[in-house]
Amino acid sequence: MTPSTLQRNPLARLTEVGRQQRLPPVPTTLVCGFLGAGKTTLLNSLLAQSKGQRIAVLVNDFGALNIDARLIVKVEGQTVELADGCICCSIRDDLIAGVETVLNTSPRPEQLLIETSGISDPGNILCSLGQAELRRDLYVENVVTVVDALHALDSRDAEYRELFERQLCNAYMAVINRVEMAAPEQRTAVREWIDRLAPGIAIVEAEEGAVATEVILGESRLGQSQFRPVPTASSRAHPFASMVWSTERPIRRTAFVETLAALSHTIFRAKGFVHFQHYPLATLFQKVGGQSSYIDAGAWGGVTPRTELVLIGSASTFDKQEVERMLDACCV
């Protein structure tokens, strides 16, 4: 292959670099998206379709309690949990260390998936990966930003608008999730808005995060980065605050439901496991905006029943002491 051919064809350069190494670079996909968009649901769908492929997973959550890691489907490969910050900033070094750990496992994974926190900027993550020494051991195959069809347009008037837009503008593909719950005109409006923000971005619609693996992963995705802008880092701080609330005391269900409804304008995102009074099963609770869900998560087994919640809200209005007081009042 002539030098001129390599200069014209970035994919040819990628292949040539792989040949010069002892091991080929591992294809890596970032799964990004705002709080509650459905990143873990999409990730679980991809893992369920793995068909024996060695897939390693890095999962990060904003807040000290890493709930998402507990929800990942267990597959062959290694899951490294990162917590207590955002992988694009405060625990950047841990992200690099986590990737190095995964790449040094034997046998080496065939794919690496990195699920970012809801306040992560994929542009910062791409810059971090590009500056690390391990950049020769992996290549970014895809950057997917998951968007909630019901709440995406709300960001246009929110204080987190800039972050939301950067999550889309630094992505190679946008997955509009929960389209079955949105009216046709709303779905159209979301698609048109995304296309204006990130012209030429691939847009896929999904119900409950179900997307075929070959759409997200695989050789067909190798060239996508060539059609997206070069990522740039942002030093702007995110406008969110979080807290973890936990207790071994049983929770009165009615009081809990009423309290979370009262906190709708304060708590944007909440998730965790709840121990309800007179109920033998753990309950997986999730809240996005004004919508909440309660799902049976199985028996507690040998674990002491305990409520553990991550709550995330706007830093300008988030009163942790008041939220803690209100939740304490729900305990038996």
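The values are calculated or read from the model by the stated rules, or taken from the named source; none is laboratory data. Since this is a predicted model, take the numbers as computed values, not measurements. Every residue, glycine as well, gets a Cβ built from its backbone with ideal geometry; the counts of neighbours run over all protein chains shown. We work out accessible area using only protein heavy atoms, side chains counted, and drop any ligands, DNA or RNA first. Shrake-Rupley method; radii C 1.70, N 1.55, O 1.52, S 1.80 Å.
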Could you tell me how many of the residues in the stretch 252-300 are of a type in the set (Lys, Arg) and out of contact with any helix residue (DSSP H, G or I) (no Cβ under 7 Å at 6 or more places or on another chain)? 3
Quick check on the stretch 167-184: of everything there that is part of a helix (DSSP H, G or I) and under 19 Å from residue 141 (Cα atoms), which residue is most open to solvent (accessible area, probe 1.4 Å)? 169
What number of residues in the stretch 125-153 are modelled with pLDDT of 90 or more, within 23 Å of residue 25 (Cα to Cα) and outside any strand (DSSP E or B)? 0
Give, as residue ranges, the strands (runs of 3 or more DSSP E) completely inside the stretch 24-85 that count at least 3 residues that are modelled with pLDDT of 80 or more and in contact with a helix residue (DSSP H, G or I) (Cβ under 9 Å, 6 or more places away or on another chain). 26-33, 55-60
Scan the stretch 293-321 for residues that are on the phi < 0 side of the Ramachandran plot, of a type in the set (Gly, Ala, Ser) and touching a strand residue (DSSP E or B) at 6+ places or on another chain (Cβ under 7 Å) and jot them down. 293, 297, 299, 313, 314, 315
Given the criteria among the hydrophobic types (A, V, I, L, M, F, W, C), over 20 Å from residue 217 (Cα atoms) and out of contact with any Pro (no Cβ under 7 Å at 6 or more places or on another chain), does residue 181 qualify? yes
So, residue 139, is that one within 19 Å of residue 32 (Cβ to Cβ), open to solvent by less than 40 Å² (accessible area, probe 1.4 Å) and not β-branched (Val, Ile, Thr) or not? no
Would you check if residue 187 is closer than 18 Å to residue 38 by Cβ, among the basic types (Lys, Arg), open to solvent by 10 Å² or more (accessible area, probe 1.4 Å) and at pLDDT 85 or above? yes
Given the criteria at pLDDT 90 or above and either of a type in the set (Ser, Thr, Tyr) or crowded, with 17+ Cβ neighbours inside 10 Å (or both), does residue 307 qualify? yes
Out of everything in the stretch 288-302 that is part of a strand (DSSP E or B) and touching a residue at least 60 places away in the same chain (Cβ under 8 Å), what residue ends up being most open to solvent (accessible area, probe 1.4 Å)? 291
Determine whether residue 282 is at pLDDT below 85, touching a Phe, Trp or Tyr at 6+ places or on another chain (Cβ under 7 Å) and either surrounded by 15 or more Cβ atoms within 10 Å (Cβ to Cβ) or not charged (D, E, K, R) (or both). no
Residues in the stretch 318-325: is at least one under 23 Å from the mean Cα position of the chain (by Cα), open to solvent by 10 Å² or more (accessible area, probe 1.4 Å) and closer than 20 Å to residue 61 by Cα? yes
